[in-house]
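Everything on this sheet refers to the single structure shown next.
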Amino acid sequence: MFSWLEKNPFFFTVAFLVVFSIAGLVELLPDFIKSSRPIEGLRPYTVLETAGRQIYINEGCYNCHSQLIRPFQAETDRYGAYSLSGEYAYDRPFLWGSKRTGPDLHRVGDSRTTDWHENHMWEPTSVVPDSIMPAYHHLFKKDADFDTAYAEAYTQKVVFGVPYDTQGGVSLGNIEDAKKAYMQEAGEIVNNMKNQKIKDAFEKGEVKEIVALIAYLNSLGQSRMTK
Amino acid sequence: MRNDATLEYDYSIAKLFLYSTMAFGFIGMLIGVVLAFQLAFPDLNYIAGEYSIFGRLRPLHTNGVIYGFTLSGIWAAWYYLGQRVLKITYYQHPFLKFIGYLHFWLYIVLLVLAVVSLFAGLTQSKEYAELIWPLDLLVVVVWVLWGISMFGSMGVRREKTIYISLWYFIATFTAIAVLYIFNNLAIPTYLVSGVGSIWHSISMFSGSNDAMIQWWWGHNAVAFVFTSGIIGIIYYFLPKESGQPIFSYKLTLFSFWSLMFVYIWAGGHHVIYSTVPDWVQTLGSVFSVILILPSWGTAINMLLTMRGQWHQLKESPLIKFLVLASTFYMLATLEGPIQAIKSVNALAHFTDWIIGHVHDGVLGWVGFTIIAACYHMLPRMYKREIYSRKIMDIQFWIMTIGIVLYFSSMWISGITQGMMWRDVDQYGNLTYQFIDTVRVLFPYYVIRGIGGLMYLIGFILFIYNVVMTITAAKELERESNYASPMAA
């Protein structure tokens, strides 16, 4: 019945493509046409948070922590309200993860403080005895990458129309404005930290990676909703 | 179409891919063992500073095993069996030989760059698609070269009919090309803004859409590298080694075309109880269960090929590898659909059970098939008998026990995790804190590490056996038709 196909690699490949494409067309297209819309009041990530998100990605945090609260009572009791599609509208890429070696982080900003994260990243077992998470000392040494974070926010704005610089929202402006806002926001985090080296470095105008990462973790939750 | 008396096949490219199969298999599995023990003994995270922390190593392990070990194995098989089933030889086609060499060396360059960039923490964080955008472009070049080699070889073939293995290789080639490109569509931020890192890019898709396209890819990397590529291998090597014809042509047809149609639908089972539309989740769940039919069709076709020939299991370790591979394929393709049932998924998702599932597939099915294929090719490529059958036997058992330890510990660990997360006391309050669930898993993580270590030791025995075959084994006068010659 199909034997003629087996003598013709070209038509065989075409036949394969047809059979193979059906699912993609049916499952993916409808949702892409209706592109993902943000929930009301969701603000985009600031440049400092974006820098922190890049660190979260580079260090592979998503390998052990999910950012997706599933609609079960045990999950909402443990982590907070279940996740909504519109909350991820500015997430490129998405960071749901596929394995929970540690707890979910989608609303971690609502339950943990700057101080807690600082201790946790320096020495996890100091706040969670028996934690198997590694310590992240190198984040306290390296500077966060402002330029790349600005580039990402700028791309989000001009290519994807993410609403920066709107009334009452997150302002981006040009690179100097963004740097000013970045330093101010970092200053607030640094104020809440204990590590003297981080504070000294900030006095010299350096923002360490840990500062940006904490800013990002704090943004996961209610603080990303404009009032 | 001409008819030459006999063809002298050219194995130079297949040999290169055999070496990379061994090298990347060893590296990928070694990193895997380190990762396994890191979860039990967190101090192992610091053996090489920030570069050895779990989050950095894990993508190296997955990429090393998928793109280093498995693809090398598939390509070693292609450059070996492609000539044989198409009745061509690269001695007569210098262009195809050149493409083959270019394919291999660019692939090695790509893998080296991949290792360096992943160690450096340069990643786009999508699982099994972590490579940064310039490397993605190189992936496309390497892939196109394989396409030229494959379709070019078919263009000059002397055999009218395309053998089943090549159906599956065509499927692997075409499907991965489509899926990889769509999932990796991204915008390099430097090109838009003129500042920042040239390596950084952001996905074309956001949030739930990004997740859907990622798991459409992530699931089908399993479908078209770990499944169709490996089925292509076993459809050649099992009949060749056993000297038995494939059980049923109709079953082959049925399982090929239905696998190709059904597999992609099942990608949605990775996003059950997430924020993607319900109907997508349901389709993913339902089609995952349907997927049992074509998967078992293939496995049964392999097992029934051995009908009346089961004594070969006793006589040949190579047959043992191939038969157990088919059996593990049946196990993995039954387990997957069970996990995709919504109520089971509610428990299993995000737990170690999923890790166990992936590994009974990869260690049992993929690893064993590739190892068997290498053993079958060796005497024919090097004109020597396999150095030691005893080592093969020891390797087989040590690896099998390793796999059993691996998946059984992960089943227990995963189900324990899932049960503890959802457990509530008589007042409806959560019984356990998250850290409680971490604490109880320690023994299972140790057992898993030992299982992985045993598999790695088996793989080292394999490498030793291959090297000794190439350098020291008895030379053969002529190629045997089936049943690879092996020393005691």
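Every number here is computed from the coordinates shown, using simple stated rules; none is lab data. Quantities reported herein were computed from a predicted structural model and do not represent experimental measurements. In this analysis, Cβ positions are derived from the backbone assuming ideal geometry, glycine residues included, and neighbour counts consider all displayed protein chains.
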Exercise. Considering only B:445, A:212, B:208, whose Cα is most displaced toward the positive end of the charge dipole of the protein assembly as shown, charges sitting on Cβ of Lys, Arg (+1) and Asp, Glu (-1)?
Worked result: B:445
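So what's the convex hull volume per residue for the Cα atoms of the stretch B:326-435, in Å³?
That works out to 113 Å³ per residue.
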Problem set entry | Cα-projected label distance for residue A:183 with residue B:105, points at 7 Å along beta-carbon direction, nm | 5.1 nm
Exercise. Using helices alone, what [θ] at 222 nm do you get for chain B, with -39,500 (n - 2.57) per DSSP H run of 4 or more residues, divided over all residues and rounded to the nearest 500?
Worked result: -22500 deg cm²/dmol
For this session: State the extension gain, in nm to one decimal, for the chain segment bounded by residue A:141 and residue A:18, taking 0.36 nm per residue of separation less the distance between their alpha-carbons.
Result: 39.0 nm
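Taking every eigenvalue of the Cα gyration tensor of the stretch B:1-159, multiplying by 5 and rooting it, what semi-axes result, largest first, whole Å? Mind showing how you got there, number by number?
On the way: eigenvalues 279, 50, 21 Å².
In descending order the semi-axes read 37, 16, 10 Å.
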Seminar exercise, completed: Rounded to 0.05, the calculated FRET efficiency for the beta carbons of residue B:472 and residue B:160 at R₀ = 51 Å is 0.75
For this session: With a/c under 1.5 counting as rounded, go ahead and sort the stretch A:65-156 into rounded, prolate or oblate using the C-alpha gyration tensor (a ≥ b ≥ c being the square roots of the eigenvalues; past the cut-off, prolate if a/b is larger than b/c, else oblate).
Result: oblate
For this session: Report the residue, chosen from A:72, A:146, A:12, that carries the largest GNM mean-square fluctuation when chain A is represented by alpha-carbon nodes joined by springs under 10 Å.
Result: A:12
Exercise. Around residue B:131, which amide H atoms from residues at least 5 apart in sequence, or from another chain, sit under 5 Å from its own amide H, with H modelled in the peptide plane?
Worked result: B:124
Exercise. Where the only charges are on Cβ atoms (+1 Lys, Arg; -1 Asp, Glu), what is the dipole of the stretch A:68-227 about its Cα centre, to the nearest 20 debye?
Worked result: 220 debye
Exercise. Given H placed on each backbone N at 1.01 Å, which residues far from residue B:202 in sequence or on other chains put an amide H within less than 5 Å of it?
Worked result: B:187, B:189
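Take the Cα atoms of the stretch B:140-278, build their convex hull, and give its volume per residue in Å³.
Working: hull volume 20.6 nm³, N = 139.
Roughly 148 Å³ of hull volume per residue.
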Problem set entry | Share, in percent, of DSSP beta bridges within chain B that are antiparallel, nearest 5 | 60 percent
Problem set entry | Tail fraction, Cα-Cα pairs, the stretch B:63-107, threshold 18 Å, whole percent | 32 percent
Seminar exercise, completed: Final fewest-first order of B:70, B:282 on the 10 Å Cβ neighbour count is B:282, B:70
For this session: Pull up the DSSP beta bridges for the protein assembly as shown and report the antiparallel fraction as a percent, rounded to 5.
Result: 65 percent
Exercise. Computed on alpha carbon atoms, what radius of gyration and Dmax characterise the stretch B:252-342, expressed in Å?
Worked result: 16.1, 53
For this session: Over all alpha-carbon pairs of the stretch A:137-194, lay out the pair-distance distribution in 10 Å bins, whole %, shortest bin first.
Result: 20, 46, 26, 8
Problem set entry | For A:52-58, mean number of other protein chain Cβ atoms within 10 Å | 4
Seminar exercise, completed: Residues whose modelled amide H sits under 5 Å from the amide H of residue A:208, counting only those 5 or more places away in sequence or on another chain, are A:144
Exercise. Plugging the Kirkwood radius over Cα pairs into Stokes-Einstein for the stretch B:434-488, at a temperature of 10 °C and a viscosity of 1.306 mPa s, what D comes out in µm²/s?
Worked result: 106 µm²/s
Seminar exercise, completed: In terms of the charge dipole of the stretch A:1-53, which places +1 on Lys and Arg and -1 on Asp and Glu at the beta carbon, the residue among A:18, A:8, A:30 farthest towards the positive end is A:30
Exercise. Which FRET efficiency value, to the nearest 0.05, do you get for residue A:176 and residue B:250 by plugging their Cβ-Cβ distance into 1/(1 + (r/R0)^6) with R0 = 45 Å?
Worked result: 0.05
Exercise. What are the radius of gyration and Dmax of the stretch B:258-305, computed over its Cα atoms and given in Å?
Worked result: 12.9, 45
Problem set entry | Per-residue HN-Hα couplings for the stretch B:73-79 [Karplus 6.51, -1.76, 1.60; θ = phi - 60°; Hz; x = Gly/Pro] | x, 4, 6, 4, 5, 4, 6
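Residue B:464 to residue B:442: extension gain in nm, 0.36 nm per residue of separation minus the Cα-Cα distance? If you can, show how the numbers build up before the last one.
Working: separation 22, 0.36 × 22 = 7.92 nm, distance 3.30 nm.
Contour length minus the Cα-Cα distance gives 4.6 nm.
If I take all pairs of Cα atoms in the protein assembly as shown, what percentage of them are more than 47 Å from each other?
Details: 49782 of 255255 pairs.
Of all Cα-Cα pairs in the protein assembly as shown, 20 percent lie more than 47 Å apart.
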For this session: Would you compute the Debye intensity of the stretch B:190-265 from its alpha-carbon atoms alone, equal scatterers and no solvent, and pass along log10 I(q)/I(0) at q = 0.11, 0.13, 0.18 Å⁻¹ to two decimals?
Result: -0.52, -0.62, -0.85
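Quick one: order A:27, B:8, A:6 by neighbouring beta-carbon count within 10 Å, fewest to most.
Numbers: A:27 22, B:8 10, A:6 17.
Least to most surrounded, the residues fall as B:8, A:6, A:27.
Looking only at other chains, what is the average number of their beta-carbon atoms within 10 angstrom of each beta-carbon in A:65-72? Numbers along the way, then the final one.
On the way: counts 1, 3, 0, 7, 3, 8, 4, 5.
Per residue, the average neighbour count from other chains is 4.
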Seminar exercise, completed: Averaged over the residues of A:129-137, the number of partner chain Cβ atoms within 10 Å of each residue's own Cβ comes to 6
Seminar exercise, completed: Yeah, chain A with a ≥ b ≥ c from its alpha-carbon gyration tensor (a/c under 1.5 is rounded, else prolate when a/b outruns b/c, oblate otherwise) is prolate
Exercise. Where q = 0.07, 0.11 Å⁻¹, what log10 of I(q)/I(0) comes from the Debye formula for chain B, counting one point per Cα?
Worked result: -0.37, -0.95
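Can you tell me which of B:308-314, B:41-47 comes out highest on packing, and rank the rest after it, using the mean Cβ neighbours within 10 Å? Before the final figure, lay out the partial values.
Numbers: B:308-314: 12.3, B:41-47: 15.7.
Packing order, densest peptide first, comes out as B:41-47, B:308-314.
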Exercise. Put a dot 7 Å past each Cα toward the Cβ at residue A:26 and residue A:127; how far apart are the dots in nm?
Worked result: 4.7 nm
Exercise. Dividing the convex hull volume of the alpha carbon atoms of the stretch A:107-216 by its residue count, what do you get in Å³ per residue?
Worked result: 127 Å³
For this session: Please give the FRET efficiency for residue B:115 paired with residue B:426, using the beta carbon to beta carbon distance and R0 = 35 Å, rounded to the nearest 0.05.
Result: 0.10
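Where the only charges are on Cβ atoms (+1 Lys, Arg; -1 Asp, Glu), what is the dipole of the protein assembly as shown about its Cα centre, to the nearest 20 debye?
Values: 51 positive and 53 negative charges, 427 e Å.
Around 2040 debye, computed over the protein assembly as shown.
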For this session: Would you list the membrane-span-like helices of chain A, meaning whole DSSP H runs whose alpha-carbon atoms span at least 18 Å along their axis and whose mean Kyte-Doolittle value is at least 0.5?
Result: A:9-33
Seminar exercise, completed: Fewest to most Cβ atoms within 10 Å: B:399, B:150 sort as B:150, B:399
Seminar exercise, completed: With the charge dipole of the protein assembly as shown built from beta-carbon charges (+1 for Lys and Arg, -1 for Asp and Glu) about the Cα centre, the Cα from B:111, B:145, A:181 projecting farthest to the positive end belongs to B:145
For this session: Using only the Cα atoms of the stretch B:332-384, each taken as one equal point scatterer with no solvent, compute I(q) by the Debye sum, divide by I(0), and report log10 of the ratio at q = 0.19, 0.30 Å⁻¹.
Result: -0.67, -1.06
Seminar exercise, completed: Log entry: pair-distance distribution for the stretch B:234-285, C-alpha pairs binned every 5 Å from zero, whole % per bin is 4, 18, 16, 13, 11, 10, 10, 9, 6, 3, 0
